[in-house]
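Input: a single structure, listed below in structure tokens.
A short reminder: the numbers here are calculations on the coordinates, not readings from a lab. Remember, it's a predicted structure, so these values are computed and weren't measured experimentally. As a convention, Cβ positions derive from the backbone with ideal geometry for all residues, glycine included, and neighbour counts pool all protein chains shown.
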Amino acid sequence: TLLHGRFLTFNDRPEAIDDTASYRYENDGGIWVEDGLIRQAGTWDAVRAAAPSDAIEIDHRPHLIMPGFVDPHIHFPQMQVIGSYAANLLEWLNTYTFVEEQRFADPDHAARVATHFFDELIRHGTTTAAAYCSVHKASADAFFAEATLRNLRMVAGKVMMDRNAPGPLTDTPQAAYDDTKAVIADWHGTGRNHVAITPRFAITSSPAELELAGALTAEHPELHVQTHLAENHGEIAFTRELYPEAIDYTDVYARSGLLGPKSLLGHCIHLSDREAGVLAESGSVAVFCPTSNLFLGSGLFDNARLAGHGVRTAIATDVGGGTNYSMLRTLDEGYKVLQLQGQRMTPLDAFYRITLGNARALSLAEHIGTLEPGSDADLVVLDASAMPAMAIKAERVETLVEELFLLQTLGDDRAIAEVYVAGEAVKSGL
Ligand code: GUN
Ligand code: FE
């Protein structure tokens, strides 16, 4: 298959608003897709000449083709929690989330929600996500069964939680260990599936459970670890009570062996300099979840401060604490969170983050996040005139950077004209 259209792909993080060395933009581009992978991306003339003459041509002009978006923190069992009215994180968890997630003990319910979950990801242009399932192994089975059916590259894990939650939503340290082992055996490396070790957060895991999560991490250094860190002041205070021997919240995870270059730490809003230093030293990733942080009133992610310490960062939706599946809406809210702190995120940096940046945060850049030959052919096709409010503004847009900023500021699922997963067009036929 040959895709014809404008394309944008990054090779590095943009240093400035006009850093042309950090990306490749083709105004008349071609992308040759073969066996689910990108074979070649370049000028239309060059790619057309290189590909077989009988290749099927799909014309996406005048839209903009990019690598599929990556969402490195989202909760699969929270599709019916999104938009629940609560004052703060702990009230929201106890009132809605810990009630709703109990329903995922039922494999039929989990399977039904999984179909809707991947429909929504695709509709919004997200082709890879790192997801939390519920405490039930059945929820992870439903998640990976559906991901496999759709040939999506997904990271997910059965949540480990053994206290401070309703009985039906808790495991035990040994059950958490055994069930995670079983999820790894059943799913990791099948299809395009990646299993993540997923202790929910320090409040809902006993020291014994975090210790076993750390043991699993040591046994499986190839796996991702995902958890939440320093999102809310009440959460931090309760954690300090539960783990009095730890230096601080970050130390709870550090002493359990849960930090490292494959560790994804949601939120990281309220961290001391010491904690930021520990994250940087371990290579852990701080995941910025702007719509969630605003919705739950959690606080403002201080990107400049973490970057100053050398902490790796990513940006994610955190649905259902987050309020939209769209990485475009997420960029818009993230931009505003940084504006409030006198920090800027350039449009190029923004689109770097939701493609190659998040792919690097997941250590998956050899597969996703670029249009490099051999990469998975997971793509989005963006329409910056998708609705009237975008179209009238687009009349006054002259540069690529202006187009990106329009997509980010006004765009949502309607701006996603098409999505390719392993070379197959999947949005138009949803
Ligand atoms: N901390 C522990 N669990 C959760 C969750 O489900 N969502 C958010 N935003 N924070 C959490
Ligand atoms: Fe979360």
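From the alpha carbon centroid of the range 337-396 to that of the range 223-296 is 26 Å. Taking amide H as placed 1.01 Å from N in the peptide plane, the amide H of His224 sits under 5 Å from that of Ile197, each at least 5 places away or on another chain. Proximity of backbone amide H atoms, modeled 1.01 Å from N, is registered between His73 and Ala130, Thr317, Asp318 at under 5 Å, excluding neighbours fewer than 5 places apart on the same chain.
Using only Cα atoms and rounding to the nearest 10 degrees, what angle (0 to 90) does helix 273-282 make with the longest principal axis of the chain? Around 70 degrees separate the two axes. At full extension, Ala87 and Glu222 could sit 44.8 nm farther apart than now, given 0.36 nm per residue minus the alpha carbon distance. Computed from point charges on the beta carbon alone (+1 for Lys and Arg, -1 for Asp and Glu), the dipole magnitude for the chain about its Cα centre is near 280 Debye. Projecting the Cα atoms of Ser205, Leu90, Ile368 onto the charge dipole of the chain, computed from C-beta unit charges around the Cα centre, puts Leu90 farthest toward the positive end. Model label sites at Ile58 and Thr43, defined 7 Å from Cα along the beta-carbon direction, differ in position by 2.5 nm. Taking amide H positions as modeled 1.01 Å from N, with prolines and chain starts lacking one, the residues under 5 Å from Leu382 and 5 or more places away or on another chain are Leu64, Ile65, Met66, Ala417. Given their separation in residues at 0.36 nm each and the Cα-Cα distance between them, Arg274 and Leu300 gain 7.5 nm when the chain is fully extended. Can you compute the FRET efficiency between Glu395 and Asp251 using 1/(1 + (r/R0)^6), with r the Cβ-Cβ distance and R0 = 45 Å? Round to the nearest 0.05. Efficiency, from the Cβ-Cβ distance: 0.25. Only DSSP H runs of four or more residues enter the estimate; each adds -39500 (n - 2.57), and after division by the residues of the chain the mean residue ellipticity at 222 nm equals -10000 deg cm²/dmol. Answer rounded, prolate or oblate for the range 281-430, using the Cα gyration tensor with square roots of eigenvalues a ≥ b ≥ c: rounded when a/c is under 1.5, else prolate when a/b is larger than b/c, else oblate. Oblate, since a/c reaches 1.5 and b/c is not below a/b.
Note down the relative contact order for the chain as a percent, whole number, built from C-alpha pairs under 8 angstrom at least six residues apart. Relative contact order comes out at 19 percent. What the phi angles of the range 131-136 give under the Karplus curve with 6.51, -1.76 and 1.60, with θ = phi - 60°, is a coupling list of 10, 8, 8, 9, 5, 7 Hz, glycine and proline written as x. Enumerate by residue number the trypsin sites (Lys or Arg not before Pro) in the range 386-430 meeting two conditions: DSSP loop (anything except H, G, I, E, B), and at most 10 other Cβ atoms within 10 Å of the site's Cβ. Those that pass, being in a loop and sparsely packed, are Arg396.
Compared with the direct C-alpha span, the chain from Glu34 to Asp108 gains 23.1 nm at full extension, assuming 0.36 nm per residue.
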